[in-house]
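Trainee: The structure under discussion is supplied below as structure tokens; questions concerning it will follow.
A short reminder: the numbers here are calculations on the coordinates, not readings from a lab. Please read these numbers as outputs of a predicted model, since none were measured by experiment. In this analysis, Cβ positions are derived from the backbone assuming ideal geometry, glycine residues included, and neighbour counts consider all displayed protein chains.
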Amino acid sequence: MGHINFDKGNRNTKGKNGFYLALALCLVAVLGVATATFLNAFDRINTDDEGNSSPSRASFTTAATKPVEQKVTNIPDERTAAKTTTAAATTAATTKKPPADLFVLPLTNQVIRSYSGSKPVFSPTMNDWRVHNGVDFKGEINQPVKAVADGIISAVYSDKLWGGVIEIDHGYGIISRYCGVKAGTLKKNSSVNVGDVIGWLSNVPCESKDGPHLHLEIKVNDEYVNPVEAIGREVKYTAAASE
């Protein structure tokens, strides 16, 4: 019979035990190095140069964070444009000239007889009832009479009832008619500007009992309108203005 060696199994067991022991020591060494590295990094993060426990400023700088002194260019700044616009508006306001008057009163602002439209009113001079298609402005003989607006003299003539008459075409279908005016040197087709003197006050035969005044009529597209409303200026009415 052969010899059975019982020491063989013991030798294998010892080899395995040595291997496991070496592996355990390696794992302990690795864990020790990792722990030391982590603690060192954590200590750097939580402790600044002065020994205060606070996060490092550089540790939190990312692509989305910009230093305070760096200008952010993705936000529009409209302050410069607003200042430029304000300055331009101020300059325009200070240099803009006031608009010229489009309409002015031809004589005084005192109305002694109003526009009646289609309503008949009594005429002291003619002793009858008739419509009053114009407005009578109180004045003095030889007082200057002015054009109510820019235009072209379309007629200059004398009428038995209305005295000296001047008509001005203002365009846009607007005609003004001045009765009781002694014409100056202006002739038909002469240009006049608003406020120009076109003659001097004389008399209106068919309204002579009302005293010296200018009878003014205005037509728009060949229809009579209220001259006071057309001119748009403030007037004063006498007690007899609406009689």
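Trainee: Amide H to amide H under 5 Å from ILE174: which residues, 5+ apart in sequence or cross-chain, H placed 1.01 Å off N in plane?
Mentor: Hits under the 5 Å cutoff: ASN221.
Trainee: Still on this structure, please answer the following. Please state the equivalent ellipsoid semi-axes for region 110-237: what are the square roots of 5 times the Cα gyration tensor eigenvalues, largest first, in whole Å?
Mentor: 22, 17, 14
Trainee: Still on this structure: Which of the peptides 187-196, 143-152, 226-235 is most tightly packed, and how do the rest follow, going by the mean number of other Cβ atoms within 10 Å of each residue?
Mentor: In descending order of packing, they fall as 143-152, 226-235, 187-196.
Trainee: Can you list the HN-Hα couplings for region 221-227, worked out from phi with the Karplus curve (6.51, -1.76, 1.60; θ = phi - 60°), rounded to whole Hz and with x for Gly and Pro?
Mentor: So the J values, rounded to whole Hz, are 6, 6, 10, 5, 10, 6, x.
Trainee: Also, quick follow-up: Checking the table LYS160/LYS236; LYS119/LYS219; LYS160/LYS209; LYS146/LYS219 against a 19 Å threshold on Cα-Cα, which pairs fail?
Mentor: LYS160/LYS236
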